[in-house]
Every structure is written in C-alpha cells, then in structure tokens.
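The values are calculated or read from the model by the stated rules, or taken from the named source; none is laboratory data. Keep in mind the model is a prediction, meaning the values are calculated, not measured. Reconstructed Cβ throughout: ideal geometry from the backbone, glycine too, with neighbour counts over all protein chains shown. Just so you know, the surface numbers come from the protein's heavy atoms only, side chains and all, with ligands and any DNA or RNA stripped out. Shrake-Rupley method; radii C 1.70, N 1.55, O 1.52, S 1.80 Å.
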Amino acid sequence: MEEKPLILMTHDLPPDWVENSLNDFRVIFGDNDQRGIDNKLEEYIPEASGIFCLLDDPIPATIINQAPLLKVISNMAVGTDNIDVKTCTTRGIPVGHTPGVLTDGTADLTLALLLSVSRQLAEANQDARAGKWSSWEPTGWLGRDLKDATVGIIGLGKIGSAVAERLKPFGCKLIFTNRSPLPGQEINLNARQVVLDELLSTSDFICLHVPLTQETNGMIGKEAFAKMKTSAILINAARGPVVDTDALYEALTSSRILAAGLDVTDPEPLPPDHPLYQLPNCFITPHIGSATVNTRKVMAGIAIRNLKAGIQGEPLPYCVNPEVYKPS
Ligand code: NAP
C-alpha cells in the first residue's frame, strides 16, 4: 500500500477546526512552544510533502532546500514574510496564505487600539483598580478626539480600507498613502491620497497597514518620527519591523510623539523586561489582530484547503506566488 504524504505542522490546532481533513496524510507536529522547524520536525524534512506553519515560524531557504519532495507550504496568516517565497518560487513550490478572512478582525482591533490609546483606557483602568479614582477630575485622564482629527493610513489595502470604512462615522479627515494610486478609494472613502511626508507631518493618528517588505522594513524610523506632530499617535497592526523599535522608544520617551498602540513589535514576542512595557504612553497587545473565534477557525480551514490542494497538485485557492503555475 502506498504511504500517505507526510505533513509537518509546526503547531497543533483544536480538533473541531481540523475535523477529518488531515486523515489522508501522515502528520508530524512540532512543539507548540518552539517556533519554526524544531527538533521534533527536523529529521522529517527530507520526506515532507507539505509544511503547515504560522506567521512566526521562520521557513528559510536552508529548510526549503532540504526538502526535495516538498509540494506546498501553507501559512495560517495573510502575511508571508516568515517564508522565503523567492526560493519556493524558484523551486516551483506554491505558498498558501489566508487573505481577506482576517480583514474585519484586524480592522476592529486597530480601532480598539486607536480608541484605547487616544482615551488612555489602560491607564484609567489601572488607576481605577489602584484606588486612584477619588473624584470626578476635570483634568483627569484627558484623551484626544477623533472628530475632526486627521487620520493617516499607510497602506490602503484590504485592512487599511476596512479601517477607513470604520472611521467614516467618527467624523475624522482621512488621508492615505499607498504604493499604487487608488483614485476609486479616494471617492469611496472620502479620503485623499497624499505623499508619505505629508501624511507624517499632518496626521493626528497614523495607522500602519503595509505588508513587511524590503521597502517597508524600518519605514517608520528616526527620520519619520522627526516629521510627525508631537501630538501624533502611532498605531501599528501590520508587522513589527515596519517600525524601528529603538527610534519608537526614543520618540515616546522624548515626547517627539504622544503615544503608540502596537499589536505587533520587533522582536516578537517582546520580552517581558523590554523597556517599551514601562512606558505609560505605549499600549501593547500580543499580535491578536485576527484573534476571534470565528476568524481563527476560518483561517485554519483555508490554510488546510491550501495544503490539501498543494499536495494533490491542484492550484491553491489562495496562493502568494501564482507564477509557479505559469509555464516556464
Ligand atoms: P493587502 O490587501 O495586500 O494591503 C497592503 C497594502 O499596502 C496594499 O494596498 C499595498 O499597495 C500597500 N503597500 C505595499 N507596499 C507599500 C509601500 N511601500 N508603501 C505604501 N503602500 C504599500 O494586505 P492586508 O490584508 O490589508 O494586510 C496588510 C498587512 O497587515 C499584512 O501583510 C500583514 O503583515 C498585516 N496583518 C497583521 C495582522 C495582525 O494580527 N496584526 C493581521 C492580518 C494582517 P499595492 O496595492 O500598490 O501593492
């Protein structure tokens, strides 16, 4: 009898998310506490037909090139910056991801961060718990209004647009930058496309929604902070390395900007002793943009569909390098 194809999964999933969908495969699971291809998985790389991984599992060329039978890598995330996609494309290996399904969840979380930071919810909550709520203070816990504020969105793709949609009823002025011109979105969202410098210097709130690429890595560094208003609030729900962490710390501690809300950091996870946690004007969540019950379950389903299609030699429903299907 022919042996079932071997799948390496870096992390297990709740049984009701997977059901019987992996019955046709031999599956080896990595250690949930380790990232990437760990010791449990390493020895099986040469036999693997598929890899199922998460966004913080590095899959570099050294792993891909040890796997002669590899037919697919399926990432349970929309971003695939953890995978050497170029090497996969050269090898003709399709890479799957889960776009679209996490748009609403991540846009909701972005709004939650924006409102939490602008209204100092974390500090107000901590103070209330600590018995510091002694009276209704006219000048206590003062926040910033969204109404009439200028919100600048960097990267007006699926999530950036969903954030803009959510912001419409708040009565703010929307501006954005994007790699390609989006005249249709200017009309749909009543937003103006501007150059990055104008966005940085005029926005009260800056929301990052670009993918992590060579171009966006470190996009918000010392120079960018120098252009921002001292009252600016930065929200990063994209990828940690889009912001230079040292420059952010410096900007927050020197009052170069007012505050930041981060769902993503560099490094990730941010170690518990990291100085950013000590700053009252920095609100951090542990990369939970897509963390709703429904979103994660749907993401897992799509990632499994991508995996199965790749193993069966069919086009992936959601492929980041569809050029692998073009005749060379
Ligand atoms: P998307 O639809 O591909 O949107 C990305 C947008 O960024 C596109 O409009 C793109 O423009 C633009 N862009 C790319 N490079 C740019 C640059 N150098 N300057 C300005 N704009 C640039 O992706 P998405 O679904 O909205 O997701 C965006 C990112 O969010 C993902 O890549 C992922 O890293 C992150 N994310 C985070 C979480 C979380 O849990 N916090 C969850 C989901 C996603 P073009 O159309 O011209 O290429």
Subject >> Check on T253, open to solvent by 10 Å² or more (accessible area, probe 1.4 Å), more than 11 Å from the ligand (Cβ to nearest atom), at pLDDT 95 or above and farther than 30 Å from V85 by Cβ >> reply: yes
Original post:
Can you tell me which of L146, L167 is of a type outside the set (G, A, S), out of contact with any His (no Cβ under 8 Å at 6 or more places or on another chain) and within 16 Å of the ligand (Cβ to nearest atom)?
Top reply: L167
Original post:
Tell me, which helices (runs of 4 or more DSSP H) lie completely within segment 19-112 with 2 or more residues that are closer than 28 Å to G155 by Cα, touching a residue at least 40 places away in the same chain (Cβ under 8 Å) and more than 12 Å from the ligand (Cβ to nearest atom)?
Top reply: 85-91
Subject >> Residue check, K168 within 22 Å of R144 (Cβ to Cβ), modelled with pLDDT of 95 or more, in contact with an Asp or Glu (Cβ under 8 Å, 6 or more places away or on another chain) and open to solvent by 60 Å² or more (accessible area, probe 1.4 Å) >> reply: no
**OP:** Restrict the check to segment 155-168 and report whether at least one residue is in a loop (DSSP other than H, G, I, E, B), small (G, A, S) and touching a Ser or Thr at 6+ places or on another chain (Cβ under 8 Å).
**Re:** yes
**OP:** Determine the pairs where a residue that is within 16 Å of V320 (Cα to Cα), located within segment 209-220, has a partner that is of a type in the set (S, T, N, Q) with Cβ atoms under 7 Å apart, the partner being 6 or more residues away or on another chain.
**Re:** V210/T216
**OP:** For P267, indicate whether it is surrounded by fewer than 15 Cβ atoms within 10 Å (Cβ to Cβ), under 21 Å from the mean Cα position of the chain (by Cα), more than 30 Å from L6 (Cα to Cα) and touching a residue at least 12 places away in the same chain (Cβ under 8 Å).
**Re:** yes
Original post:
Does segment 174-183 contain at least one residue that is β-branched (V, I, T), open to solvent by 10 Å² or more (accessible area, probe 1.4 Å), touching a residue at least 40 places away in the same chain (Cβ under 8 Å) and within 14 Å of the ligand (Cβ to nearest atom)?
Top reply: no
